[in-house]
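Take a look at the structure set out below.
The values are calculated or read from the model by the stated rules, or taken from the named source; none is laboratory data. Treat the numbers as computed from the prediction; the structure is a model and nothing was measured. Because the Cβ atoms are built from the backbone with ideal geometry, glycine has one as well, and the counts that use them run over all protein chains shown. Keep in mind that these areas ignore ligands, DNA and RNA; they rest on the heavy atoms of the full protein, side chains included. Shrake-Rupley method; radii C 1.70, N 1.55, O 1.52, S 1.80 Å.
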There are 2 protein chains.
Amino acid sequence: MSVKERKERERAERERLIVATARELAEQQGWDAVTTRRLAERIEYSQPVLYSHFRGKREIIGAVALQGAAEMAVAVRAATAAAEGPRARVTALARGYLDFAERNPAVYDALFRLDGGLAYAREDTPEPLKDAFAALLECLGEVAGDGVHPGLFTEVFWASLHGIATLTRAGRLPPEEAERRVELLVDRLAVL
Amino acid sequence: MSVKERKERERAERERLIVATARELAEQQGWDAVTTRRLAERIEYSQPVLYSHFRGKREIIGAVALQGAAEMAVAVRAATAAAEGPRARVTALARGYLDFAERNPAVYDALFRLDGGLAYAREDTPEPLKDAFAALLECLGEVAGDGVHPGLFTEVFWASLHGIATLTRAGRLPPEEAERRVELLVDRLAVL
DNA sequence: ACCCGATCCTAGCACCGCTAGACAATCGAG
DNA sequence: CTCGATTGTCTAGCGGTGCTAGGATCGGGT
């Protein structure tokens, strides 16, 4: 039976390699450069091997997204944990979120811009996605204000951050005023 | 000389046809379905004709975006003009914006999600884009609040709307609470 | 009536995501 | 230890993509 186990280990290892390589390639040259041919070449296997692990390119994007969601949750919690008081926490969250988006553009795209075949905002949403939202909720819930549903408030705050992140990176917003935009958003949206 | 003029007219007419057809196709089946072959077939010319009008697919997207920007400016101004008082105006703007995004998803994508090769937020930004931003500014400038730069406020409000629009359409936000999200955003961001 | 330039199309390039079918390596039974 | 079956991987190819080179054809000016 140990042979089978070894093969399963090796197979799992190769799957990790595929996801890591896809992510690396996307981070280096953008998702357009992540083709099944290039990806196969980098992991030193032929194309069809990819399809024995994933249904297609979309699922590979989804796998990167899941990994990214877990990391984003960690990043957000780390940022907020280091801050004292509601206001500082929310500011830290906003900065942490935008920072993550800027430093991991490919992962951010996999999560929120591309189609990774994942279900969002539903019962069958994968756990890492739920947890990433929960990480936002933990901090933002306490500044939603009276009579405002914490979940709804978190959605709006998150959407605002997402808008800033995407428009900035697409060159639709000048990057110079980034910090002032964060301040304005926190000042106005959060009830302190 | 009249022959030359006629040819130029026909050429301009064909260019309009290309843009209109691309937009129609994108609105019907999404931008992925807008291939140069399908587009060429629909306008009843061969592929290379497209390249005598545009450098490539990207420029065609850009042309649709420019058209869409002009329409969005009109839509936003129409929505705000019908409202009395700052609060009603801002609410109308938010609803009008999201409504435009929902009813013209392909145009919205061309404007803010895809790469149409256009310059944003710069001196050489095409006039329709500047004017669309101006349309937002006209209404939002009056609720920016003291000491807050109207342009910066408009950017943040716009980014928030953009975030809601994109996340909702990508299935990242449940569509049911759309109206309550708008109310929350207006209540908090605008200084009334 | 003829030539010549503008205009348009056919055919093709290199690449894409994805898959069928041939081949080799490995395992279990006799 | 050998032999068939199973598993795993690869080569080759399908239909599609954006884009372009080069030849045919059409129409205006002389």
With out of contact with any helix residue (DSSP H, G or I) (no Cβ under 7 Å at 6 or more places or on another chain) and within 11 Å of chain A (Cβ to nearest Cβ) as the only criterion, which of B:147, B:116 stands out? B:147
Residue satisfying all of: in the range B:25-40; more than 8 Å from DNA strand D (Cβ to nearest atom) and in contact (Cβ under 8 Å) with a residue 12 or more places away in the chain; surrounded by the fewest Cβ atoms within 10 Å (Cβ to Cβ) among these: B:30
Which listed residue is modelled with pLDDT under 95 and either assigned by TED's automatic domain parsing to the domain that holds residue A:95 or not small (Gly, Ala, Ser) (or both), from A:192, A:118: A:192
Here is a check on your reading of the model: is residue A:124 assigned to a loop (DSSP other than H, G, I, E, B), modelled with pLDDT of 95 or more and either more than 11 Å from every other protein chain (Cβ to nearest Cβ) or surrounded by 16 or more Cβ atoms within 10 Å (Cβ to Cβ) (or both)? yes
If a residue must be in contact with a Ser or Thr (Cβ under 9 Å, 6 or more places away or on another chain), open to solvent by 10 Å² or more (accessible area, probe 1.4 Å) and free of Cβ contacts under 8 Å to residues at least 40 places away in the same chain, how many such residues does the range B:153-190 contain? 3
